[in-house]
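Take a look at the structure set out below.
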Amino acid sequence: MRKFSTLLVAGAAVIALGLTGCSSDPLAEQYREGSNKNYIAGDGSVTEITLENRGDVITFSGTTETGATVSSADYLGNVLVVNFWYAGCAPCRAEAPDLEQVYTETAPSGVNFLGVNVRDQAATIDSFNVRFGITYPSIIDQDGQAQLAFAAQVPPNAVPTTLILDAQGRVAARILGQLKDPSILSTLITDIAAESGAN
């Protein structure tokens, strides 16, 4: 009986992975419905870090899905939102429109967004961006170097995780798991931009 149950779980995982390309996006729907089958994620909790308790400046670099090289130094002077994700992650798919909405609203004031894709190749990232209307870049981090840069201070313990860096490049806030409402991220960005003089 135990062997049969194991086969059922394995079969369900294969089916779930196979559905990631379907146009109705059942993984995101399944996650929104709360069934959480075959997936464990953060709870959406928010951690804010006061100015005096922020650690060192985060230093990282990577190559985007378009082949461009970016580094943390490119974003100094403005708030940077860093989202850890991958295409087959149900909550990543569910939060994608909210992230794009906040990006579109805050980009004119100088706020930057950067995805850190922890599993996929460039072609998969491109397909995801087209499907979900994502217009900000992602670096490909299959070797985990960008994740490692954050690990000592505020580890991204779940995927998705969204980190907000202040204008000096220090982690100022973390959303562990799916962004529950775009207003949460907007408020964090506004507060962090105001305190650091980025606006």
Could you sort the peptides 123-129, 188-194 by per-residue average Cβ neighbour count (10 Å cutoff), highest mean leading?
188-194, 123-129
Spin-label pair R131/Q168, simplified geometry with 7 Å Cα→Cβ offset, distance in nm
4.1
Give, as a single signed number, the net charge of other residues whose beta carbon lies under 12 Å from the beta carbon of D191, with Lys and Arg counted +1 and Asp and Glu -1.
-3
If r is the Cβ-Cβ distance from Q121 to E52 and R0 is 45 Å, what FRET efficiency results, to the nearest 0.05?
0.60
Looking at the square roots a ≥ b ≥ c of the eigenvalues of the Cα gyration tensor of the range 71-147, which shape do they give, rounded for a/c under 1.5, prolate if a/b is larger than b/c, or oblate?
oblate
Normalised per residue, the volume of the convex hull around the Cα set of the range 104-199 (Å³)
101
Need one number: nm distance between label points at L148 and T69, each 7 Å from Cα along Cα→Cβ, rounded to one decimal.
1.8
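No value in this document is a laboratory result; all are computed from the given coordinates. All figures in this text were calculated on a predicted structure; none of them were measured in a lab. Cβ atoms come from the backbone with ideal geometry, glycine included; neighbour counts cover every protein chain shown.
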